[in-house]
Amino acid sequence: MVWFIFAILGAILHATYYTLVKKFLKNIDQHILASGIFLSSFIILFLISLIKGFPEINYGFYYSFLFTGIINVIATILYFKSLKTTDLSLSIPMTSFTPIFLIFTSFILLNEFPSIFGIIGIFLIVIGSYIININKTRKNFLDPFKEIFRNKGIFYMLIVAFLWSISINFDKLVILNSDTIFGSSIVHLFIGLTFLALSYIKKKNIKKEYKKNLNKIFVTGLVFAIMIILINIALTMQIVPYVISLKRLSILFSIFYGGLIFKEKNIFRKSIGAFIMLIGVILIILG
């Protein structure tokens with residue numbers, strides 16, 4: 001069960017990463033922040049790989065790297081928009097739907113499939129999502145579900161959850177066709193350069209922003225890089241839906257950060273919803 005430890009540690013760092021991103025988005029352009037984080041992560045991962053030694057690259061690496069790179073660029077744009085406009089404790093729980101989507105996408109792409117307990121877990125995750133979206137001023141039972149489509153930030157994060165359910169499978173193919181560090185470094189280089197190009201097209205003052213916020217960007221990139229290494233190691237030991245389900249424990253930590261740092265409201269209610277969602281995640285894992 002060593003993979004379990006790596007996945008939990010990855011979840012803690014994932015929540016920390018989201019918190020840093022939300023905090024820094026207030027003063028840093030989202031494209032510049034994204035480019036800086038991914039390029040910083042690339043530098044860290046590449047240097048580790050350089051010291052460790054470059055792996056043998058198999059043919060499946062190239063198409064997997066391209067697919068996950070493109071999908072993650074789109075997902076990053078959407079979740080940065082979500083974090084900028086929506087409570088951390090309200091938007092992040094939507095990523096719990098990734099394991100649900102993964103039940104199908106991992107079966108199609110990797111022929112990985114969890115047990116029947118996953119079905120029970122799915123229902124609990126949906127119930128938890130309902131509780132998180134409950135607003136005491138609304139009386140209609142369906143209002144919380146409608147909120148997903150009324151609040152763009154929540155809806156964006158739901159789309160991100162689906163996109164990740166596709167890209168994560170290609171992430172696993174990347175590391176299986178290289179290793180847990182080098183493959184991800186190349187993917188992050190691609191994503192970082194893409195956002196750097198977008199910043200240039202939008203005529204942002206890239207040099208000034210980097211110089212002004214270098215420490216913040218690098219620290220976030222460091223947290224992101226370590227989280228990627230931990231999750232990648234877990235992926236080599238266990239099927240994708242199980243690892244990512246554990247990674248979604250970041251929801252609980254994100255709610256804690258949301259209340260402690262950003263003074264977000266209704267944290268207790270959201271925590272109950274998130275806890276129920278996590279029970280669903282645990283059932284998927286036990287299955």
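The values are calculated or read from the model by the stated rules, or taken from the named source; none is laboratory data. As the structure is a prediction and not an experimental result, all values here were calculated from the model. For neighbour counting, all protein chains shown are included, and Cβ atoms are generated from backbone atoms with ideal geometry for every residue, glycine included. Keep in mind that these areas ignore ligands, DNA and RNA; they rest on the heavy atoms of the full protein, side chains included. Shrake-Rupley method; radii C 1.70, N 1.55, O 1.52, S 1.80 Å.
Scanning the range 79-91 for residues that are hydroxyl-bearing (Ser, Thr, Tyr) and either buried (at least 23 other Cβ atoms within 10 Å of the Cβ) or in a helix (DSSP H, G or I) (or both) yields Tyr79, Ser82, Thr85, Ser89, Ser91.
Each row is one residue, and each column tells you yes or no for (1) crowded, with 22+ Cβ neighbours inside 10 Å; (2) out of contact with any Asp or Glu (no Cβ under 9 Å at 6 or more places or on another chain).
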position	(1), (2)
Ser35	yes, yes
Phe38	yes, yes
Asn72	yes, no
Ile77	no, yes
Pro93	yes, yes
Phe101	no, yes
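Determine if the range 216-226 includes at least one residue that is touching a residue at least 24 places away in the same chain (Cβ under 8 Å), assigned to a helix (DSSP H, G or I) and more than 19 Å from Thr19 (Cβ to Cβ). No, there is no match, as no residue in the range 216-226 is touching a residue at least 24 places away in the same chain (Cβ under 8 Å), assigned to a helix (DSSP H, G or I) and more than 19 Å from Thr19 (Cβ to Cβ). Inclusion of Phe262 among residues that are open to solvent by 20 Å² or more (accessible area, probe 1.4 Å), at pLDDT 75 or above and aromatic (Phe, Trp, Tyr) is not warranted.
Here are Ser64, Ser91, Ser115, Ser41: which of them is out of contact with any Ser or Thr (no Cβ under 7 Å at 6 or more places or on another chain) and closer than 20 Å to Ala11 by Cβ?
Matching residue, one of Ser64, Ser91, Ser115, Ser41: Ser41.
Within the range 189-214, being touching a helix residue (DSSP H, G or I) at 6+ places or on another chain (Cβ under 7 Å), open to solvent by 10 Å² or more (accessible area, probe 1.4 Å) and not acidic (Asp, Glu) holds for Leu189, Phe190, Thr194, Leu196, Leu198, Tyr200, Lys202, Lys204, Ile206, Tyr210. Would you confirm, using the coordinates I've provided, whether Glu112 is surrounded by 15 or more Cβ atoms within 10 Å (Cβ to Cβ), at pLDDT 80 or above and either among the acidic types (Asp, Glu) or at positive phi (or both)? Criteria met by Glu112.
Within the range 94-117, residues that are farther than 21 Å from Met277 by Cβ reach partners that are β-branched (Val, Ile, Thr) with beta carbons closer than 6 Å, at six or more positions or on different chains, in the pairs Glu112/Ile239; Glu112/Val240.
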